[in-house]
Each structure stands twice: as C-alpha cells, then as structure tokens.
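The values are calculated or read from the model by the stated rules, or taken from the named source; none is laboratory data. Just so we're clear, the structure is a prediction, and the values are computed from it rather than from any experiment. Every residue, glycine among them, receives a Cβ derived from its backbone with ideal geometry; neighbour counts consider all protein chains shown.
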Amino acid sequence: MVSSAPFNVLRVAMMVVLFVGAFTVMFLMYFKSLPSSPCHPPPSHWARQSQHSQPQPDAPAVSPEVTGANKSVVLLWFWPGDKQFPLSDCRRLFNIDNCRLTDDRSEYSKARGVVIHHSAISDDLSNIPKTRPRFQRWIWLNMDSPSRTRWIEGLKSLFNLTLTYRKDSDIHVRWKVAARRPTDSPFQFPQKKRTVCWLLDTNELESNKSYLFFKELAKHIKVDLLQKSSDQLKGDGYFSVVGSCKFYLSFESSVHTDYITETFTGPLAAGTVPVVWGPPRRNYEKFAPGTSFIHTEDFPDAAALAKFLQNLDSDLVAYMKYFEWWKFYTLQRPFRDERYEYALAICQACRYVGQKKEYRVVKDLYKWFLE
C-alpha cells in the first residue's frame, strides 16, 4: 500500500508557494498605487567648530561645468526693503555664476528656488503664491533677530530652506574671516583720532537693550557718539571714521545665538577693536579670532571695562596685539551702499540652489528660530 504522506507534503508546499506569490503580487500592486514618499533629506548643518578653532575660507563659488543653458533659475519674490541692485552683480561681487537670478514673477513656474523675505509677507499670506511645483524650493529669508521677527500664522511648515544669520541655517549669511592669501593687500593700520566711539541712531537709544550698559560705561570713559545721518559716514567714509577710533562699541540690539551683525564685522574690517555686547564670547569666536575683540562679559562691571580700555589706550604694544590676526586672516568690508544690504544673502541663495538639488520641508520654522 502506497503512503499518502509525500502527496500531503507536496500539496502543503504548493499551497504555501501559491499564497506567497499571491501576497507578493497584491503588495506590489498596492505599493505602486501609493503617492511618492513624503520623507525628505534631513536639513544640512554646518560643522561645529571648537571654541579655539578659526573660521575657514568659503568654498569656491563657481561650478565650472554649469552652462547658461542649464543654470537653475532662482526667483526673488520680494525685494527686501525695496533695496534693488543689478542681479547680475552676483558674479562681479562674489564670483557666483552657477545660477540665474530673476525678479520676474512670470518665471515662477520654472524657478527651482523662490526667495521670500519674511517681513514682506502679509498676515493672511495673500501676497505669496498659492501653489508650488513639486521640484521647487521656497527659501525663507530673514536677517532680523527673533525679538524683531513678526509671527505670521501659517508659515510653520511652508518653507524648504532657511536663509538667515544663524550658523545652523541651510544657507548661512555671514561676512567671514578668511585665511589670508599672497594676493591680499597687507593690513593698513588707520590713524587714530578718538578713543571710544559708538554709531547709533539716537532715536533708537531707549529701545536698545545695551543702552543701560552704555550709560554706565559713559560715566567712566568718554564715548564719542557718531550720528548715522552724518554725511561723513556715508559710503566708504564709514570705514575712515570708524577706523579712526581705537575702540568701537559693537553693541547688538538684543542677545540671541549667532546674532552678530555688521555692527561687529564693519568695525572689525575698518581696523578698530570692537568692544562687543551680545551673545557669549564663545559664540563670537566661531566667526572671528578671540584676540580680535574685547567682550563686556569678561569684566565684572562697566567701571572695570573702562579702566581696562584706558590702560590699553596708553599701552601701544598691548593694544597692537589685537591686530595680530591680520597677519593670517582677512575680512572683506561689508557693503555700505544701502542697495546692496541684502546682496550677500540673495547671491548666496542663488549659489546654493545652483549647487545642490536636495529637497526638504522645514517642519517647524518658529520652533527652530523663535524658541
């Protein structure tokens, strides 16, 4: 009598194969019917530098293989502060030529990147586009501190890239200290006529959080107040006047991480010693040599700081040590023409889009920036 066991085993095996095959077919049909994955590459982050490391020069701006026919189009939706400059100047000023900037909204549908300035957005979002092509990236431009940034409902996850002064932005905007090259002009030490200077609009004094510290400091040392409206401070005259000061009060309007503005980089480039009030010293040292400036937090009070400045004023050897960094590094002068106030940010955005194709969504813009 022939055993039926082999036939039973064969029958079970065939049923298993048929079941697995049917399940596989059904899964593939379901998977293909799904929409494209909502996951996006994680945000880019700048590498953290140690407290004593020095800033590095920017990477080359131009991608040689990019030609005029395939340059990425970047649309500037608003002119920030209505300060307009020739968009072709990105090449002349920063050697950026791997993208094409435009402010022509008729090119919206083919723009790979759209730069949108935060302060120009209306509260109801009625002045920004209602739809967006899948390939397009919206870039949030904001150079104001969190204290001066208006909350607008509906922006939480609307943007793909961030363009700010923050070091952890996708596109980081900063006039950077770079390694000195043989072709760089040697440092010309400006003639000093004043001891301590501060440039500020007197109408802003009471709203500036550093004003209280200034009032205490002024009790112990003379501070020359320079008026922003002065003709002497227009254009490159700014660097001559500020450079004539031994020390300059680089006081920020508020204290926030990385909020180190041209109030610091301008005087530093002019050839004076900035006395800073703002984020902690270690934050400044991410962007400039620690021996290039004096921080108010290094002193117990304004009187001690004033005494230190007076001693430096009478000790040329000690004072000149604050310029040793110029032997190894250089800093490009920030633009003084108001039309170019946002040129660095706008051109950096264009370069980024021309170089990188990543797409992501900023999941919570306000949590990242305001909190």
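Of the candidates 357, 327, the single residue that is assigned by TED's automatic domain parsing to the domain that holds residue 133, more than 20 Å from residue 257 (Cα to Cα) and surrounded by fewer than 20 Cβ atoms within 10 Å (Cβ to Cβ) is 357. Can we say residue 228 is modelled with pLDDT under 90, among the basic types (Lys, Arg) and either more than 30 Å from residue 371 (Cβ to Cβ) or crowded, with 19+ Cβ neighbours inside 10 Å (or both)? Against the criterion (modelled with pLDDT under 90, among the basic types (Lys, Arg) and either more than 30 Å from residue 371 (Cβ to Cβ) or crowded, with 19+ Cβ neighbours inside 10 Å (or both)), residue 228 qualifies.
The C-beta contact set for segment 250-263 (first residue closer than 14 Å to residue 172 by Cα, second residue assigned to a strand (DSSP E or B) and among the aliphatic types (A, V, I, L, M), distance under 9 angstrom, 6+ apart or interchain) comprises 260/276. Residues of segment 296-306 include at least one that is more than 33 Å from the chain's Cα centre (by Cα) and in the same structural domain as residue 184 (by TED's automatic domain parsing).
Is it the case that segment 323-335 has a residue that's in contact with a Pro (Cβ under 6 Å, 6 or more places away or on another chain), of a type outside the set (S, T, N, Q) and farther than 30 Å from residue 117 by Cβ? Checked segment 323-335: at least one residue is in contact with a Pro (Cβ under 6 Å, 6 or more places away or on another chain), of a type outside the set (S, T, N, Q) and farther than 30 Å from residue 117 by Cβ.
Can you find even one residue in segment 172-185 that is buried (at least 20 other Cβ atoms within 10 Å of the Cβ), assigned to a loop (DSSP other than H, G, I, E, B), over 17 Å from the mean Cα position of the chain (by Cα) and at negative phi? No - not one qualifying residue is present in segment 172-185. Can residue 219 be described as within 20 Å of residue 270 (Cβ to Cβ) and either assigned by TED's automatic domain parsing to the domain that holds residue 324 or touching a Phe, Trp or Tyr at 6+ places or on another chain (Cβ under 7 Å) (or both)? No. Exactly one residue out of 364, 313, 337, 301 is buried (at least 16 other Cβ atoms within 10 Å of the Cβ) and in contact (Cβ under 8 Å) with a residue 60 or more places away in the chain, and it is 313.
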